[in-house]
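Working notes, beginning with the structure itself.
Any read-out appearing in this document is the output of simple, stated calculations on the displayed coordinates, not a laboratory observation. Since we're looking at a predicted model, the values are computed, not measured. Please note: Cβ atoms are built from the backbone with ideal geometry, for glycine as well, and neighbour counts cover all protein chains shown.
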Amino acid sequence: MGQDAESLDINQSPLLEVRELSRNFGGLQAIFEISFKVSPGQIVGLIGPNGAGKTTLFALLSGFLSPSGGEIQFLNSSIGGMRPDRICHLGMARTFQVVRPFPEMTVFENVKVAAIFGKHSKRPPSVVDQEVQEILESTGLFSKAGRLASSLSLPERKRLEVARTLATKPKLLLLDEVLAGLNPREVEEAIPLIRSLNNQMKISILMIEHNLRAIMGICDRLLVINFGQLIFDGLPTEAVENPEVIQAYLGEKEDA
Amino acid sequence: MKLGNFFQITEKTAAFLTFGFVLILPVVLSFNPYYLSIFIIALILGAVSLSWNLLAGVCGQVSFGHAAFFGIGAYGSSLLVLKAGWNPFGAMIIAAFFGVMGAIIIGTPAFRLRGPYFALSILGFAEVVKLLTLNLTWLTDGSQGLFNIPALPAIRIGSMTLDFFVSRTTNYYLAAFLMLAIYLVIYFLRHSNTGLAMSAVHGDEETAAGIGVPVFRTKLLTLMVSAFCTALMGAFYAHYVHFLSPDSAFDGSWSVMPIVASLFGGMGTLIGPSIGALLITGLDEFIFKQFFETGHKLFFGILLAVVIVWTPKGLFGKSIRKK
C-alpha cells in the first residue's frame with residue numbers, strides 16, 4: 001500500500017521537466033525553446049532527421065553543454081549548466097552515440113569506476129564488486145569481465161556503455177543511439193535488455209534512435225524534433241500519421 | 001620483432017628486478033665514486049620520471065615543465081637550511097610541499113582548460129619560476145646561485161653511521177630508497193579508487209565526467225602528488241650537489257629527460273620510466289661516451305626517434321603486464 005501511495009505521488013511530479021530550452025552556437029540556433037516532460041517509469045523516444053539537435057539536447061540535459069536559455073528541472077532541482085558529474089550524482093546518466101569505453105581498463109574496471117564515483121554513498125569494496133558483477137551479469141558481459149575494453153566487439157562495447165551508466169544507479173537514462181550499428185539479430189537481443197532496465201530496475205529512459213521499428217515497439221511516447229524545434233509530442237502510433245512528422249522526418253510520400 | 005614477443009612479466013616482477021638491480025649495482029661498479037655519482041643522478045631522474053609518468057602515463061596529462069617542481073624543491077630546501085637554519089631532512093619535506101603549492105597555483109587555472117593547454121601553460125610556469133629565482137636576488141642571490149648547501153646530516157643506526165657528506169654510497173642508497181618510496185606511493189595510488197579515476201580521465205575525460213568522476217579534482221590531485229615527489233627529489237639533489245643556480249635547478253633537462261625516460265621504459269607501466277632512466281644513463285655512459293666524447297647526447301635524439309617508431313609503447317611497454 002505504501003508503494004502505491006509513493007508511485008502515485010511520483011506520478012504527479014515529472015522526473016524531468018524541460019521548459020523553453022534553447023542553445024545557440026554563434027548565430028546557429030541548435031535548440032529552440034523546447035519544452036517537454038518525462039514522467040517516472042516512461043520510455044520516451046526522441047527522433048528527428050540528422051542535425052535536428054538530438055545529441056545537442058542530450059548534451060544540455062547531461063551537463064556537457066550549458067543552455068543559452070530556458071530551464072531544466074530534474075527531481076525538482078534546476079540542473080541547467082550544472083557539471084556532468086553532479087548531474088550524474090543526482091541520478092541522470094547518458095551513453096554516447098560513438099561508444100567510448102576506457103580502452104586500457106578491463107571491462108570490470110570500466111564498470112567499477114562508475115559504481116564508485118557515480119553515487120555519493122560510500123560502500124565497502126566487497127559491496128561495490130558485488131554490484132559490478134550483478135550489472136555485468138544483467139548486461140551479458142559477465143564472461144568478458146577480465147578483458148580489456150579495447151578488445152570488445154561493437155555490440156559488446158554498446159553493452160559496456162549501458163553497463164557503465166547502470167552502475168551509477170540512474171533514475172533516468174539517456175540512451176544515444178545504442179542500437180545503431182547493430183545487425184538485426186543483435187538489435188533483437190538488445191531490446192529485451194532495454195525493456196528489463198525499465199521493468200525490473202525501474203529506470204526511466206529517454207532514447208535517441210534511428211531504428212524506427214525498434215523505437216515504435218519500445219516507447220510509450222515519442223518526441224520528434226526538427227531544426228532544433230519540437231514538432232511532435234505524443235503516442236508513437238499518432239506520430240506516423242502526423243503530416244508534419246512525415247514531412248520532416250520520414251520524407252515526402254512520393255519518396256517512400 | 002619486439003621485446004614484448006620475447007618475454008612477458010608482471011608489473012610486480014619488473015619492479016622487483018629493477019630494485020634488485022639498483023641494490024647490487026654499486027657492487028658491480030665496485031663502488032667506483034665516479035660511476036656512483038653518475039647513477040645517483042640516474043636514480044634522481046628515475047624517481048622524477050616515475051612521478052612525471054603518474055601524471056602523464058596514468059592520468060593522461062602531459063607536462064612539459066616538471067623542472068619547475070624540481071627547482072622549487074631544490075631552492076626551497078636549500079633556502080630553509082641556509083637562511084632559516086632548518087634541519088635538511090625537515091627542509092626536504094617542507095620543500096616538497098612547496099612543490100604541491102606550485103602544483104595548485106598552475107593546476108587550478110590550467111586544468112579548467114581542455115586540450116593541450118595544460119602542457120603549454122606548465123612550460124610557461126617553469127620559465128616564470130626560473131625568472132623569479134633569477135630576479136629575487138635578496139632571497140636567492142640570483143644568477144650567482146647558492147653555495148655551500150649543507151649535506152644531509154649523518155644518521156647513526158646502532159654502531160653504523162650513514163654519512164651523506166663524504167660517502168657516495170650512502171647518497172646512492174638514499175636516492176634508491178627515495179625512488180622506491182615514490183614507486184610504492186604511485187603503485188598503491190594507482191590501485192586505489194583514485195587510481196581508477198585517473199585511468200578513466202586518461203581514457204576519456206567526458207565519459208569520466210558523465211559517470212560521476214570529478215575530473216578537475218582528479219587531475220589536480222595527481223599533479224599535486226607528482227609535484228610533491230618531484231620537489232622531494234629536487235631537494236635531495238640540492239643537498240647532494242651542494243650548489244644551485246637557476247640554470248642548474250630549473251634546467252630544461254629536468255623537464256625533458258623524464259619524458260625521454262618514460263617513452264623508453266613504457267608510459268603504460270608504472271615501473272618502466274625508472275628502467276628507462278637507468279637504461280639511457282647506462283647507454284650514454286658506457287657506450288655513446290666511449291665513442292663520441294663530445295656530442296654523445298645527440299644519440300638520445302636518434303635513439304628516441306627509433307624507439308618511438310619501432311615500439312611506441314616503449315621498450316618494455318608490451319613486456320610488462322599490468323596484473
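Give me the one-decimal nm value for the distance between modelled label points at B:Ser30 and A:Glu33, 7 Å along each residue's Cα-to-Cβ direction.
Inter-label distance under the simple model: 9.1 nm.
Taking other Cβ within 10 Å of each residue's Cβ, how do B:Ser255, A:Ser22 sort, fewest first?
The most exposed by this proxy come first: A:Ser22, B:Ser255.
Along the charge dipole of chain B, Cβ charges K/R +1 and D/E -1, which of B:Ser51, B:Ser199, B:Pro116 sits furthest on the positive end?
B:Ser199
From Cα pairs below 8 angstrom and at least 6 apart in sequence, can you work out the relative contact order of the range B:130-195, rounded to a whole percent?
Relative CO of the range B:130-195 lands at 13 percent.
Stretch B:Phe19-B:His191 to full length: gain in nm at 0.36 nm per residue minus the Cα-Cα span?
59.9 nm
Compute the length gained on full extension between B:Tyr117 and B:Thr161: take 0.36 nm times their separation in residues and subtract their Cα-Cα distance, giving the result in nm to one decimal.
Extra length from B:Tyr117 to B:Thr161 when fully extended: 11.0 nm.
Among all helices in chain B defined by DSSP H, which have a length of 24 Å or more along the axis from Cα atoms plus a Kyte-Doolittle mean of at least 1.0?
For chain B, where a helix must reach 24 Å along its axis and average at least 1.0, the hits are B:11-28, B:33-53, B:88-110, B:117-135, B:168-190, B:215-241.
Over chain A, what is the relative contact order in whole percent, taking alpha-carbon pairs under 8 Å and six or more residues apart?
25
To the nearest 500 deg cm²/dmol, what mean residue ellipticity at 222 nm is calculated for the protein assembly as shown from DSSP H runs of n ≥ 4 alone, each contributing -39,500 (n - 2.57), summed and divided by the residues?
-16500 deg cm²/dmol
Using a 10 Å cut-off around each Cβ, can you sort B:Trp310, B:Trp52, B:Trp86 from fewest to most neighbouring Cβ atoms?
Lowest to highest Cβ neighbour count: B:Trp310, B:Trp86, B:Trp52.
Restricting to chain A, compute how many DSSP beta bridges are antiparallel as a %, nearest 5.
Approximately 55 percent, going by the DSSP bridge assignments.
Which peptide among A:115-121, A:240-246, B:92-98, A:190-196 comes first, and what is the full order, when sorted by highest mean count of other Cβ atoms within 10 Å?
B:92-98, A:115-121, A:190-196, A:240-246
So for the pair B:Ile9, A:Glu20, with labels modelled 7 Å out along Cα→Cβ, what separation do we get in nm?
6.8
For every other residue with a beta carbon closer than 12 angstrom to the beta carbon of B:Ile106, add +1 if it is Lys or Arg and -1 if Asp or Glu, then tell me the sum.
Overall, the nearby charge balance is +1.
Taking other Cβ within 10 Å of each residue's Cβ, how do A:Leu28, B:Leu223, B:Leu17 sort, fewest first?
The fewest-first ordering by Cβ neighbours comes to A:Leu28, B:Leu17, B:Leu223.
With chain B treated as a Gaussian network of Cα nodes joined by springs under 10 Å, which of B:Ile308, B:Ile157, B:Ile38 yields the largest mean-square fluctuation?
Its mean-square fluctuation being the largest, the pick is B:Ile157.
Cα gyration tensor of the protein assembly as shown, axes a ≥ b ≥ c as square roots of the eigenvalues: rounded (a/c below 1.5), prolate (a/b > b/c) or oblate?
prolate
For the range B:2-80 and the range B:207-235, what is the separation of their C-alpha centers, rounded to whole Å?
Cα centres, the range B:2-80 to the range B:207-235: 19 Å.
Order these peptides, B:106-116, B:75-85, by their mean beta-carbon neighbour count within 10 angstrom, highest first.
Descending packing order for the listed peptides: B:75-85, B:106-116.
Classify the range B:4-48 as rounded, prolate or oblate from the Cα gyration tensor: take a ≥ b ≥ c as the square roots of its eigenvalues, call it rounded if a/c is under 1.5, otherwise prolate when a/b beats b/c and oblate if not.
Prolate shape, in that a/c is at least 1.5 and a/b is the bigger ratio.
Compute the distance in nm between two label points, each set 7 Å from the Cα along the Cα-to-Cβ direction, one at A:Leu212 and one at B:Gln144.
If labels sit at A:Leu212 and B:Gln144, their model points lie 8.4 nm apart.
A 29 angstrom limit on the alpha carbon distance is what I want to check against. Which of A:Lys119/B:Lys313; B:Lys12/B:Lys313; B:Lys12/B:Lys219; A:Lys112/B:Lys12; B:Lys219/B:Lys297; A:Lys144/A:Lys169 exceed it?
From the list (A:Lys119/B:Lys313; B:Lys12/B:Lys313; B:Lys12/B:Lys219; A:Lys112/B:Lys12; B:Lys219/B:Lys297; A:Lys144/A:Lys169), the Cα-Cα distance tops 29 Å for A:Lys119/B:Lys313; B:Lys219/B:Lys297.
Calculate the FRET efficiency for A:Val98 and A:Gln133 from the Cβ-Cβ distance with a Förster distance of 25 Å, rounded to the nearest 0.05.
According to the calculation, E is roughly 0.35.
Residues with beta-carbon under 11 Å from that of B:Ala68, excluding B:Ala68: net charge, scoring Lys, Arg +1 and Asp, Glu -1?
Here the charged neighbours net out to 0.
Could you give the angle, 0 to 90 degrees to the nearest 10, between helix A:154-167's Cα long axis and the longest principal axis of the Cα atoms of chain A?
The answer is roughly 80 degrees.
In peptide A:162-169, how many Cβ atoms from other protein chains are near each Cβ within 10 Å, on average?
Mean partner-chain Cβ count within 10 Å for A:162-169: 2.
When you look at the Cβ of every residue in B:196-204, what mean number of other chain Cβ atoms sits within 10 Å?
6
What does the charge dipole of the range A:1-158 about its Cα centre add up to, to the nearest 20 debye, if the Cβ of each Lys and Arg holds +1 and the Cβ of each Asp and Glu holds -1?
Charge dipole, the range A:1-158, about its Cα centre: 520 debye, nearest 20.
Relative to the longest principal axis of chain A, what angle (0 to 90°, nearest 10) does the C-alpha long axis of helix A:2-12 take?
Result, in degrees: 40.
Tell me whether the range B:1-148 comes out rounded, prolate or oblate; compute the Cα gyration tensor, take square roots of the eigenvalues as a ≥ b ≥ c, and use a/c under 1.5 as the rounded threshold.
Oblate, because a/c is 1.5 or more while a/b does not exceed b/c.
With +1 on each Lys and Arg Cβ and -1 on each Asp and Glu Cβ, how big is the dipole of the range A:125-256 about its Cα centre, in debye rounded to the nearest 20?
Roughly 600 debye, rounded to the nearest 20.
Under the 0.36 nm per residue contour assumption, what length would be gained going from the current alpha-carbon distance of A:Ser196 and A:Ser126 to full extension?
22.7 nm is the gain from fully extending A:Ser196 to A:Ser126.
Defining a contact as two alpha carbons under 8 Å apart and six or more residues distant in sequence, what relative contact order in percent does the range B:172-323 show?
18
Report, in debye and to the nearest 20, how large the dipole of the range B:1-142 comes out about its Cα centre when Lys and Arg carry +1 and Asp and Glu carry -1 on their Cβ.
240
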